[in-house]
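One structure below.
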Amino acid sequence: MPDGPDDESPAGTGPQADPESVARNICLRLLTMAPKTRAQLAEALRKRDVPEEAAEAVLSRFSELGLINDEAFAAAWVDSRHHGRGLAKRALAAELRHRGVDSDTVNEAVERLDPDQEEETARRLVERKLAATRSLDPQTRTRRLAGMLARKGYPSGLAFRVIREALEQEGVEVEEDFS
């Protein structure tokens with residue numbers, strides 16, 4: 001099925017669509033698939049050779065209407081990725097910056113994460129992986145668990161404290177030089 005009207009239909013024989021109309025259609029199509037940041041939409045319009053003035057007009061109008069809202073996007077992203085994937089502030093901030101969210105908005109969104117909540121999530125992640133490492137020596141277990149937490153953006157001090165607590169609850173002696 002073609003993307004646009006047939007060449008023989010009245011819509012297909014009219015003049016070339018104006019750039020703002022093209023930009024609106026591109027943005028609406030992208031926004032129906034998933035929420036996007038203003039920067040992501042601007043990049044998509046640039047890739048499709050939409051003139052900058054038309055792109056800016058459409059992006060501004062969509063922002064006025066609330067269809068583009070980087071603050072809401074960032075807040076939802078932090079909630080979703082922290083609860084769903086267990087990502088820490090550092091990893092969440094990197095993902096948001098990668099999506100073109102400005103630094104102030106990124107900082108505001110990640111600072112909403114409670115440090116106690118972040119620590120609790122780290123504990124849950126360690127608990128889930130702990131059983132799979134039981135056959136390994138304590139150093140290897142610590143290294144693997146710390147690597148997993150580091151990839152999710154947890155600071156090393158928090159990671160080693162949570163790992164030490166989990167291993168000690170199992171009755172495993174943990175060397176102090178790992179902290």
Worksheet item: For R112 and A132 in the same chain, what is the full-extension length gain: residue separation times 0.36 nm, less their Cα-Cα distance, in nm?
Response: 4.0 nm
Response to the item:
Among (1) 0.94; (2) 1.21; (3) 1.04, the value of Rg/Rh (Cα atoms, Kirkwood Rh) computed for this structure carries the label (2)
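Go ahead and run the numbers for FRET between M33 and R61, Cβ-Cβ distance against an R0 of 25 Å, rounding to 0.05.
Values: r = 20 Å, r/R0 = 0.79.
So, using R0 = 25 Å, E works out to roughly 0.80.
Within the stretch 99-170, list the GluC sites (Glu not before Pro) lying in a DSSP loop whose Cβ has at most 15 other Cβ atoms in a 10 Å radius. Mind showing how you got there, number by number?
On the way: sites: E108, E111, E118, E119, E120, E127, E165, E168, E170; in loops: E170.
Listed in order of number, the matching sites are E170.
At a Förster distance of 45 Å, what's the computed FRET efficiency of D18 paired with D102, Cβ-Cβ distance as r, to 0.05? Let's see the in-between values first.
Values: r = 30 Å, r/R0 = 0.66.
For R0 = 45 Å, the calculated efficiency reads 0.90.
Since every read-out is calculated from the coordinates, none of them should be taken as a lab result. The shown structure was predicted, so the numbers you read here are calculated from the model rather than taken from an experiment. No Cβ is skipped: glycine too gets one built from the backbone with ideal geometry, and neighbour counts run over all protein chains shown.
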